[in-house]
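What follows is a set of notes on a single structure, which appears directly below.
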Amino acid sequence: MKSHQLWQLGIKDMKAVPLPRARASPKKRVCILLAAFVSVATVWAYLYPPQHYTSPMRDWLPAEPIRELTDQERASHVVFKQILSTPPVKSRKSKIAFMFLTPGTLPFERLWENFFEGHEGRYTIYVHASREKPEHVSPLFIGRDIHSEKVVWGKISMVDAERRLLANALEDIDNQHFVLLSDSCVPLHNFDYMYDYLIGTNISFIDSFYDPGPHGNFRYSKNMLPEVRESDFRKGSQWFSVKRQHALLIIADSLYYTKFKFYCKMMDPSGIANWSVTHVDWSEGKWHPKAYRANDVTYELLKNITSIDTSYHVTSDSKKVVTQKPCLWNGVKRPCYLFARKFYPESINNLMNLFSNYTIF
């Protein structure tokens with residue numbers, strides 16, 4: 001693959017074992033971009049890693065002294081353990097919740113309508129519009145707006161919005177997987193491929209990697225102790241895809257959420273696929289990822305993204321350490337991404353024209 005290969009995120013060998021993780025996505029001033037909510041699944045996965053999962057990070061990170069848990073921690077762990085030890089509710093019609101976090105109108109509704117067509121009863125849509133009431137062009141999105149609050153990029157209000165989306169989506173017992181998407185996201189595969197990919201594994205997809213540089217662990221605050229240690233701190237992407245049990249952990253947590261609310265940082269343990277199913281191109285090295293205009297959107301570009309099967313991370317320190325690992329789905333190497341961003345609204349016609357060709361799987 002060409003230069004587009006530099007768009008990969010990060011992963012860990014993933015087998016079909018349940019347990020998630022999390023990490024952080026800080027910025028210069030605001031620190032967090034990933035959600036503190038994931039810290040819950042994260043902390044739990046760290047304390048109770050899956051039987052068949054081993055984290056390479058633990059082989060070299062310094063040992064932490066054993067300490068007595070605080071009352072709040074102990075109470076939280078009891079809740080987490082109860083959630084994870086309770087067998088998932090069986091649904092005869094498992095659905096995927098598509099949760100759109102957007103400032104207003106969704107520019108790609110017509111494209112998503114094509115994606116959802118013919119698959120009624122296998123998905124639900126939720127729209128959190130933080131600035132203005134969206135005007136929907138697709139009937140599938142009408143009536144799918146939830147109560148929304150103002151969201152400021154990089155602030156805890158973004159985490160609050162994501163938790164709000166999850167809470168609304170969890171009310172539907174048939175929702176078994178929860179995908180967070182932005183207004184600039186587009187699908188890379190057809191619905192059946194995406195559905196089998198997410199419903200067919202017990203893994204949650206939360207990007208996470210160790211970055212000792214200025215945009216990674218440098219942002220850690222000792223004020224997060226004792227609950228969040230620096231050795232548990234990770235960096236990653238905001239755009240997650242989680243199973244129902246992990247979504248419940250996120251909503252149930254208040255202890256770790258509060259730590260991130262006040263200190264704007266995020267942590268990660270072991271037990272998730274350390275890559276996101278949403279592709280983003282960070283190769284330009286800027287605060288925001290590359291955004292695609294109409295002229296950029298070609299069949300070759302989209303097929304290149306859909307064929308990426310290796311995750312890619314680069315640390316933000318002077319060493320620029322590169323980590324690449326295969327994207328393993330139930331132990332088998334598969335393409336990493338189901339969705340991609342950021343696309344300008346002007347690219348809608350090209351995407352519509354190419355949709356049936358590049359989503360052949």
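With the cut-off at 16 Å, report for the range 204-243 the share of all Cα pairs above it, as a whole percent. Can you show the working numbers first?
On the way: 340 of 780 pairs.
That tail contains 44 percent of the Cα-Cα pairs.
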Is the range 102-184 rounded, prolate or oblate when judged by the Cα gyration tensor, a ≥ b ≥ c being the square roots of its eigenvalues, rounded requiring a/c under 1.5 and prolate requiring a/b larger than b/c? oblate
Go through the range 205-221 residue by residue and turn each phi into a ³J(HN,Hα) via Karplus (6.51, -1.76, 1.60, θ = phi - 60°); whole Hz please, and just put x for glycine and proline. 9, 10, 5, 6, 7, 7, 10, x, x, x, 9, x, 5, 4, 7, 5, 10
Residues in the range 317-361, backbone N under 19 Å from the label point at residue 283 (7 Å along the Cα-to-beta-carbon vector): list them, ranges by number please. 320-327, 335-344
Largest to smallest principal axis extent of the C-alpha atoms in the range 171-236, angstrom: 45, 27, 22
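Which entries in the list 155/259; 259/319; 93/243; 150/342 go over 24 Å, if you measure between the two C-alpha atoms of each? If you can, show how the numbers build up before the last one.
Details: 155/259 13 Å; 259/319 30 Å; 93/243 15 Å; 150/342 21 Å.
In this structure, 259/319 lie more than 24 Å apart at Cα.
Taking 0.36 nm per residue of separation and subtracting the Cα-Cα distance, what length does fully extending residue 294 through residue 349 add? Intermediate results must be reported in sequence, preceding the final value.
Details: separation 55, 0.36 × 55 = 19.80 nm, distance 0.81 nm.
Computed gain between residue 294 and residue 349 is 19.0 nm.
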Tell me the carbon and sulfur percent of the accessible area for the range 215-356, rounded to whole percent, probe radius 1.4 Å. 52
Would you kindly find the accessible area of residue 152, with a 1.4 Å probe and non-protein molecules such as ligands, DNA and RNA excluded, rounding to the nearest 10 Å²? 60
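So with the 1.4 Å probe, I'd like the accessible area per residue for the range 313-361, rounded to whole Å².
51
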Rounded, prolate or oblate: which fits the range 162-278 when a ≥ b ≥ c are the square roots of the eigenvalues of the alpha-carbon gyration tensor, with rounded for a/c under 1.5 and prolate only if a/b beats b/c? prolate
Hey, can you grab everything whose amide H is under 5 Å from the amide H of residue 97? Only 5+ residues off in sequence or another chain; H modelled, so Pro and N-termini drop out. 124, 176, 177, 178, 179
Label-point separation in nm, residue 252 to residue 324, each point 7 Å along Cα→Cβ: 4.0
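Which peptide among 353-359, 324-330, 227-233 comes first, and what is the full order, when sorted by highest mean count of other Cβ atoms within 10 Å?
Answer by packing, highest mean first, reads 227-233, 324-330, 353-359.
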Taking R0 as 51 Å, what FRET efficiency do you get between residue 133 and residue 77 from their Cβ-Cβ distance, rounded to the nearest 0.05? 0.80
Roll a 1.4 angstrom probe over the protein heavy atoms and tell me the percent of accessible area of the range 55-192 that is carbon or sulfur. 53
For labels at residue 117 and residue 310 in the simple 7 Å Cα→Cβ model, what's the distance in nm? 3.7
The answer for residue 310, listing residues at least 5 apart or on another chain whose modeled amide H is closer than 5 Å to its amide H, is 327, 336
Given the convex hull over the Cα atoms of the range 296-345, what projected area results after averaging over all orientations, in nm²? 5.0
Hz values of 3J(HN,Hα) by residue in the range 224-230 - Karplus curve (6.51, -1.76, 1.60), Gly and Pro given as x: 7, 5, x, 5, 10, 8, 4
Between residue 144 and residue 173, what is the label-to-label distance in nm when each label sits 7 Å out along the Cα-to-Cβ direction? 2.4
Quick one: which residues, 5+ away or cross-chain, put their amide H under 5 Å from the amide H of residue 182? H built at 1.01 Å from N. 101
Solvent-accessible area per residue for the range 163-296 (1.4 angstrom probe, square angstrom): 31
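The values are calculated or read from the model by the stated rules, or taken from the named source; none is laboratory data. Predicted model only: the values in this text are computed from it and were never measured. Quick reminder, even Gly has a Cβ in these numbers, built from the backbone with ideal geometry, and neighbours come from all protein chains shown. Ligands, DNA and RNA are stripped out before the accessible areas are found, and what is left, the full protein with its side chains, is counted by its heavy atoms. Shrake-Rupley method; radii C 1.70, N 1.55, O 1.52, S 1.80 Å.
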